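What follows is a short report on a single structure.
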């Protein structure tokens, strides 16, 4: 007997509820074309860059509160934008799909196991590695399950790396997995020798990941063969970090409490350059001081390494300062889309304690080119969780300090000026009850909008579009 239209609808809803999916009633589709930010730091190489970005001034468009959904979000999760929706996984085993324009819930999938990092999207699917040991694939349109694969009981706490129809991610027991995106079949697995809390990157048929031996590894993406392995890096852990691949270099940064060589920069000269709309040339004497400490006192000062992505040889020592000591993402560099890398450096405290400034690096030589700072911006601390992304000409940065202190701001890299970000809704308080640092989570950029998870809520800002 043919099913009547209403019976068919009810049957479909019943099947979706059985699968643990809640479809929001009257969820509004996105009305504007949203460029994708489909995986952690935008792409498999973890560039942190997209050529299109919002035009200032900015305004907060909406926020979506996960606490109202009885869910909590881990401090390293980055919102993922794909097919007009924003995807965020939760600690208690849910994936949320929110309309990228309206902020309305489109669907919610339950029962996937705790997720401590971002999802990834490709081929109309959402992929997630979970602490329950499974890798999940859901339909991006409605959240229906496509497949799930059990990999290892120790589970995953990293974001998936998606490239060439495959999923690459490391397990907490030290095994690195490669799965087929269409079927979920495990294509190969490789024991790396120690725990993996580090998100992998991919470029030119090679996969890059760090393990808790503080070893940097390069694996062949087709076979899983270890092409090179570098040990002896300095630091405490790779936790919450990710590799960065660009211009033939693989950048690894450990999470440590290393010392920092404090830069001594003429603040008046720096202010004058910025007021003219110019980057300030990096003082060569200061770079020599940094490099001397990194080379002569590596165990005290060093935590970032650059390797040739084919040979594993180290072409140069990359000038840098110390990084995270607060739980959150540990970024080394990101791309500015103009052939430079962006990183942060510690400067002598102009306000009584060390602060950060942003610097551009020449990838070919590994040398610092110039720095940016604006007098009207409170500077981040030198030893906290710092995350940054670039959309078009705009650098977005967030930094978490202890207590309720922190920074969330933007810089125009072309005009060399700070752009304020208005904050209207619940955003900027350390939530002791839910153990969440509000400003750790990295920013995702999609066209004239940008998104940030903070304090267990998803926020969206929109530019003027001019």
* Structure fact -> Taking a ≥ b ≥ c as the square roots of the eigenvalues of the Cα gyration tensor, with a/c under 1.5 meaning rounded and otherwise prolate when a/b exceeds b/c and oblate if not, segment 35-462 is oblate
* **Per-selection Kirkwood Rh - segment 145-206 (Cα, Å, 1 d.p.)** => 11.9 Å
* Structure fact -> Expressed in angstrom and rounded, the centroid-to-centroid distance over alpha carbons for segment 288-306 and segment 193-254 is 20 Å
* To do: Please tell me the relative contact order of segment 133-172 in percent, rounded to the nearest whole number, where contacts are Cα pairs under 8 Å and at least six residues apart.
  => 33 percent
* Would you order 109, 267 from fewest to most other beta-carbon atoms within 10 Å of each residue's own beta-carbon? => 267, 109
* What list do you get for 119, 453 if you sort them by fewest beta carbons within 10 Å? -> 453, 119
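Bear in mind these aren't lab numbers, they're just calculated from the coordinates by the rules spelled out. None of these values were measured; they are calculated from a predicted model. Glycine also receives a Cβ, built like all others from the backbone with ideal geometry; neighbour counts cover every protein chain displayed.
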